[in-house]
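Have a look at the structure below, then the notes.
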Amino acid sequence: FNNKGGATTATSGIIVGTTDTQTLSGKTLTSPTINTPLMKGAYEAWVTATDGAAITFALADGNKQRVTLGGNRTLALSGVQNGHVFLLRLLQDGAGSRTVTWFSGISWVAGVVPTLTTTASKADVFGFIQTASGAYDGFIVGQNI
């Protein structure tokens, strides 16, 4: 593609306007430029994970995941990429007192695994950075929210 005076032309001669949409399935883009002013105000919505005895956060679906805990749960991840940065929001249900068993490989600040807020209808938010395959730095973002 070449940008010529506000229009983009494909090598096939098809003209695509700067506000047009084109599907690029199976195409390779070399050195694409993303116009960041168009990204202003963009955000990623929360993905709601399914509660169950084992909760798997599908990170391919989004980097901000949340779940309401309906019992004591075991947490797992799928779709993690090298260098992945993601948030998990754990909300106590109306009964509260729920606990979790974290996925393996987390290095917590000062080596201390955080204690969840167990008050009914209160949430805790945790941040993670994947530092290597199966290894994560874990941080408390906020508790008793």
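Couple of notes before you dig in:
- Among the residues of region 118-145, the ones that are of a type in the set (Gly, Ala, Ser), assigned to a strand (DSSP E or B) and open to solvent by 20 Å² or more (accessible area, probe 1.4 Å) come to 2 in all.
- For Ser78: the one exception among (1) open to solvent by less than 40 Å² (accessible area, probe 1.4 Å); (2) without any contact (Cβ under 8 Å) to a residue 24 or more places away in the chain: (1)
- Out of Thr8, Thr33, sole residue that is over 30 Å from Ala76 (Cα atoms), in a strand (DSSP E or B) and at pLDDT below 75: Thr8
- Count of residues meeting criterion [closer than 13 Å to Leu116 by Cα and either hydroxyl-bearing (Ser, Thr, Tyr) or part of a strand (DSSP E or B) (or both)] in region 70-96: 6
- Output for region 97-117, where each listed residue is open to solvent by 40 Å² or more (accessible area, probe 1.4 Å) and assigned to a strand (DSSP E or B): Thr101, Ser107
- All conditions in (1) over 30 Å from Thr19 (Cα atoms); (2) at pLDDT below 95; (3) more than 17 Å from the chain's Cα centre (by Cα) hold for Leu38, with the sole exception of (1).
The values are calculated or read from the model by the stated rules, or taken from the named source; none is laboratory data. This one's a predicted model, so the numbers in the text were calculated from it and none came from an experiment. Backbone-built Cβ (ideal geometry, glycine too); neighbour counts: all protein chains shown. Ligands, DNA and RNA are excluded from the accessible area calculation, which covers all protein heavy atoms including side chains. Shrake-Rupley method; radii C 1.70, N 1.55, O 1.52, S 1.80 Å.
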